[in-house]
Structures are given as C-alpha cells and as structure tokens.
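The values are calculated or read from the model by the stated rules, or taken from the named source; none is laboratory data. Please read all numbers here as calculations on a predicted model, not as lab measurements. In this analysis, Cβ positions are derived from the backbone assuming ideal geometry, glycine residues included, and neighbour counts consider all displayed protein chains.
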Amino acid sequence: MFRLKLPTDPRWVNIVEKNLEEILTDHAYCEQKAATNAITIIIKFPEKSDLVIAMLELAKEELQHFQMVHQKLIERGFVLGRERKDEYVSLLYSFQRQGGQRKHQLIDRLLFGAMIEARSCERFQVLSENINDEDLSNFYRDLMISEANHYTMFIGFARQYADGEDVEKRWQEWLDYEGEIIKNFGKKETIHG
C-alpha cells in the first residue's frame, strides 16, 4: 500500500521490549507532533476550508492518541519523560521544498505528513505482530489502522490540490529519499529510531 522501500526488521521489537517506557514516551511525543503538524497546515493554508476541517479533526484525534499512550505509561507505572529529538522526522522535514510556489509547499507538507504516517503505520504493524505483550499488540494494531487512514487522507489531499503537479512522481521522490535515510534507523527503542 505505502510502497516503502525498506521494511522494518522485526528484530527491532526486541530492542523496543527492553525499554517500554522509552518507546511509549517517544510515541506519545510523536502523537503530539502529529497534532502540531495538522495545526501548522491550518495556519499556513487557511483558505483551504476542507483541508482546515480535516486537519482540525486530525489534531483532535492525534491528541486523543497522545492521551491513550500517556494512559499506557501510567498503567505500567511509568511517567512521561522529556521530549526527544526525532532525527528521522528532521531529515524528512529538510526534504520539503522551501520557498517557491505555495502549491509546491502545500503538496510537500501533505506528502511529509503522508510519509510519517506511512512509516508509523508500518512500525505499528511490526509491533502488533511481534511484541510479546498482548495489551500492546492490540493497542498497536488499532493504531495501525488509524495511521493508515491518516496516510490515505494526506495523499488524497495532495492529489486534490495537485494543480498540474505530478504528485505520483513527487511521492516517488519522497519514497526514494525515505528509503535511503531509513537505513540508518531501526536500532533504537523509538518509533522511528
């Protein structure tokens, strides 16, 4: 579905299982950042009413996910740690076209969101299928479905607002870029790490 170039090695879950507090803290902040991304799109492109409505709903849903992950931390006797830098997301962010036409900025912001949701969905699937914790397995299976819907929404808006741009070509460029940078990740107990 996503056409990701490099799948996550299921052995990544062995790393995750050694520090559940870290993965849950990192995941909580990923949800917060996803809400922030939705709000940023609203601020940058307020004239796109249907996009604004969708991003408002997305921001609310992402904050609900933050709350759900935070609850998992509490249930396990953990506390939410400090926010971590997400190098993967920073590298993706740098791939966005800066300046130039607003329509290109919009398309890239949407594809940036789609890419993060695609990789997160893939990671949640790996977690749901490989973690030796039934509660977290079910939790990540449910979130995987949500992330897939977010990916579809971002791609759909990119196509809707293409205005003559070849979105499929640009998406392929994103896939190629992500395929190269992801080679350096999958070694930490973080969602993208």
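Of the numbered conditions (1) at pLDDT 95 or above; (2) under 15 Å from the mean Cα position of the chain (by Cα); (3) more than 12 Å from Leu6 (Cβ to Cβ), Glu178 satisfies every one except a single condition; which is it?
Every condition holds for Glu178 apart from (3).
Considering each residue of segment 128-159, count those that are loosely packed, with under 13 Cβ neighbours inside 10 Å and in contact with a helix residue (DSSP H, G or I) (Cβ under 6 Å, 6 or more places away or on another chain), and give that number.
The number of residues fulfilling the criteria is 0.
What do you reckon, is Ala59 over 22 Å from Phe139 (Cα atoms), in contact (Cβ under 8 Å) with a residue 12 or more places away in the chain and assigned to a helix (DSSP H, G or I)?
The answer is no for Ala59.
Determine whether segment 33-51 contains at least one residue that is under 15 Å from the mean Cα position of the chain (by Cα), at pLDDT below 95 and either outside any loop (DSSP other than H, G, I, E, B) or within 24 Å of Asn149 (Cα to Cα) (or both).
No, segment 33-51 has no match at all.
I'm checking my understanding of the structure. Among residues of segment 78-90 that are touching a helix residue (DSSP H, G or I) at 6+ places or on another chain (Cβ under 9 Å) and assigned to a loop (DSSP other than H, G, I, E, B), which one is surrounded by the most Cβ atoms within 10 Å (Cβ to Cβ)?
Asp86
Any residue that is under 16 Å from the mean Cα position of the chain (by Cα), assigned to a helix (DSSP H, G or I), closer than 22 Å to Gly193 by Cα and not acidic (Asp, Glu) - is there at least one of those in segment 149-166?
So far as segment 149-166 goes, yes, one or more of its residues are under 16 Å from the mean Cα position of the chain (by Cα), assigned to a helix (DSSP H, G or I), closer than 22 Å to Gly193 by Cα and not acidic (Asp, Glu).
Tell me, please, whether a residue that is loosely packed, with under 14 Cβ neighbours inside 10 Å and within 30 Å of Ile74 (Cβ to Cβ) can be found in segment 91-103.
no
Here are some residues: Ser137, Ser94, Ser146. Which one is over 30 Å from Gly164 (Cβ atoms) and either part of a loop (DSSP other than H, G, I, E, B) or over 13 Å from the mean Cα position of the chain (by Cα) (or both)?
So the residue among Ser137, Ser94, Ser146 that is over 30 Å from Gly164 (Cβ atoms) and either part of a loop (DSSP other than H, G, I, E, B) or over 13 Å from the mean Cα position of the chain (by Cα) (or both) is Ser137.
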